[in-house]
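Asker: First, the structure itself, so that you have it in front of you.
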Amino acid sequence: GAVVSQHPSRVICKSGTSVKIECRSLDFQATTMFWYRQFPKQSLMLMATSNEGSKATYEQGVEKDKFLINHASLTLSTLTVTSAHPEDSSFYICSARDDGGLDETQYFGPGTRLLVL
Amino acid sequence: ELKVEQNPLFLSMQEGKNYTIYCNYSTTSDRLYWYRQDPGKSLESLFVLLSNGAVKQEGRLMASLDTKARLSTLHITAAVHDLSATYFCAVDGVGSGTYKYIFGTGTRLKVLA
């Protein structure tokens with residue numbers, strides 16, 4: 001089955017530093033990937049749609065200069081949280097859509113838990 | 001704007017009982033997904049429903065989709081403790097011209113032994 005990995009799985013950083021999270025599709029190509037954020041006991045909120053070779057599309061209210069997305073290949077998208085602050089602490093989950101799939105099913109990564117001190 | 005609502009938000013039930021979780025959405029879509037999430041974990045895919053009238057079953061869980069009513073149900077039969085988790089439905093906005101998922105609010109299920 002389609003597998004998506006994320007790295008790191010957990011990160012703790014100091015306030016003001018930047019953190020990069022990688023999302024990889026391991027056995028399929030993904031022109032489109034998605035980044036979600038989930039606060040405790042809440043649902044997943046879509047942050048942005050990552051498009052290979054072009055700019056990401058951000059959801060309303062998500063600062064594009066704070067959450068930098070780069071999708072440089074068909075199997076890798078990265079999310080960089082710049083100048084992280086405690087309120088950025090959250091569970092970040094990526095998903096990827098299989099370019100060769102028969103439908104629009106997204107495959108989800110295992111998530112990255114970010115704690116900003 | 002596509003909105004997805006689930007009810008109930010919380011569900012506590014005894015083992016062996018049956019119950020249904022409802023997922024309503026606001027705009028046209030033929031695709032609906034159900035996921036399970038355990039504490040501290042990511043999403044586990046349960047069902048992919050791709051057409052009106054679709055019904056899928058796996059073990060004690062059965063999901064259905066009525067696109068005309070914009071409603072999906074997740075039915076639990078003879079619940080067991082291992083089913084305790086949070087369940088999310090998600091709707092694919094392809095009918096609105098996008099391919100992004102909009103997630104429901106989630107239903108936190110606790111099955112009491």
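The values are calculated or read from the model by the stated rules, or taken from the named source; none is laboratory data. Computed from a predicted structure; not experimentally measured. Note that we place each Cβ from the backbone using ideal geometry, even for glycine, and neighbour counts take in every protein chain shown.
Asker: Just to be sure I understand, how many residues within the stretch A:101-117 are at the interface with chain B (Cβ under 7 Å from one of its Cβ atoms) and not in a strand (DSSP E or B)?
Answerer: Kept after step one, since they are at the interface with chain B (Cβ under 7 Å from one of its Cβ atoms), are these residues of the stretch A:101-117: A:103-106, A:108-111.
Right, trim to not in a strand (DSSP E or B) and you get A:103-105, A:109-111.
Looking only at that region, the number is 6.
Asker: Out of everything in the stretch B:36-57 that is of a type outside the set (A, V, I, L, M, F, W, C) and under 13 Å from the mean Cα position of the chain (by Cα), what residue ends up being surrounded by the most Cβ atoms within 10 Å (Cβ to Cβ)?
Answerer: Here is the first cut: in the stretch B:36-57, the residues of a type outside the set (A, V, I, L, M, F, W, C) are B:36-42, B:44-45, B:51-53, B:56-57.
Now restrict to residues that are under 13 Å from the mean Cα position of the chain (by Cα): B:36-37, B:44-45, B:56-57.
On the way: B:36: 18, B:37: 22, B:44: 12, B:45: 15, B:56: 15, B:57: 12.
Going through the qualifying residues, I end up with B:37.
Asker: Give me the pairs, please: first residue somewhere in the stretch A:1-19 and at pLDDT 95 or above, second residue anywhere and of a type in the set (Asp, Glu), beta-carbon distance under 6 Å, and either six or more positions apart or on two chains.
Answerer: If the second residue must be of a type in the set (Asp, Glu), the pairs left are A:7/A:22.
Asker: Right, residue A:27: surrounded by fewer than 21 Cβ atoms within 10 Å (Cβ to Cβ), acidic (Asp, Glu) and under 26 Å from residue B:34 (Cβ atoms) or not? So that I can check it myself, show each step before the final result.
Answerer: On the way: surrounded by fewer than 21 Cβ atoms within 10 Å (Cβ to Cβ): yes; acidic (Asp, Glu): yes; under 26 Å from residue B:34 (Cβ atoms): yes.
Yes; evaluated as a whole, the condition is true for this residue.
Asker: Check A:41, A:14 and return the single one that is within 13 Å of chain B (Cβ to nearest Cβ), under 19 Å from residue A:115 (Cα atoms) and surrounded by fewer than 14 Cβ atoms within 10 Å (Cβ to Cβ).
Answerer: Values: A:14 fails: within 13 Å of chain B (Cβ to nearest Cβ).
Every option except A:41 fails the conditions.
Asker: Residues B:44, B:1: which one is without any contact (Cβ under 8 Å) to a residue 24 or more places away in the chain and of a type outside the set (Phe, Trp, Tyr)?
Answerer: B:44
Asker: For the stretch A:63-87, which residues satisfy the criterion of being of a type in the set (Asp, Glu), touching a Ser or Thr at 6+ places or on another chain (Cβ under 9 Å) and not in a loop (DSSP other than H, G, I, E, B)?
Answerer: Hits for the stretch A:63-87: nothing passes.
Asker: Looking at the structure I just gave you, is residue B:74 within 13 Å of the chain's Cα centre (by Cα) and surrounded by 15 or more Cβ atoms within 10 Å (Cβ to Cβ)? Please lay out each step first, then the result.
Answerer: Values: within 13 Å of the chain's Cα centre (by Cα): yes; surrounded by 15 or more Cβ atoms within 10 Å (Cβ to Cβ): yes.
Considered against the rule, which asks whether it is within 13 Å of the chain's Cα centre (by Cα) and surrounded by 15 or more Cβ atoms within 10 Å (Cβ to Cβ), residue B:74 comes out as yes.
Yes/no per residue for (1) hydroxyl-bearing (Ser, Thr, Tyr); (2) in a strand (DSSP E or B); (3) closer than 11 Å to residue A:95 by Cβ:
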{"residue": "A:2", "(1), (2), (3)": "no, no, yes"}
{"residue": "A:33", "(1), (2), (3)": "no, yes, yes"}
{"residue": "A:41", "(1), (2), (3)": "no, no, no"}
{"residue": "A:55", "(1), (2), (3)": "no, no, no"}
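Asker: Can you tell me how many residues within the stretch B:25-58 are more than 11 Å from chain A (Cβ to nearest Cβ) and more than 14 Å from residue B:91 (Cβ to Cβ)?
Answerer: 8
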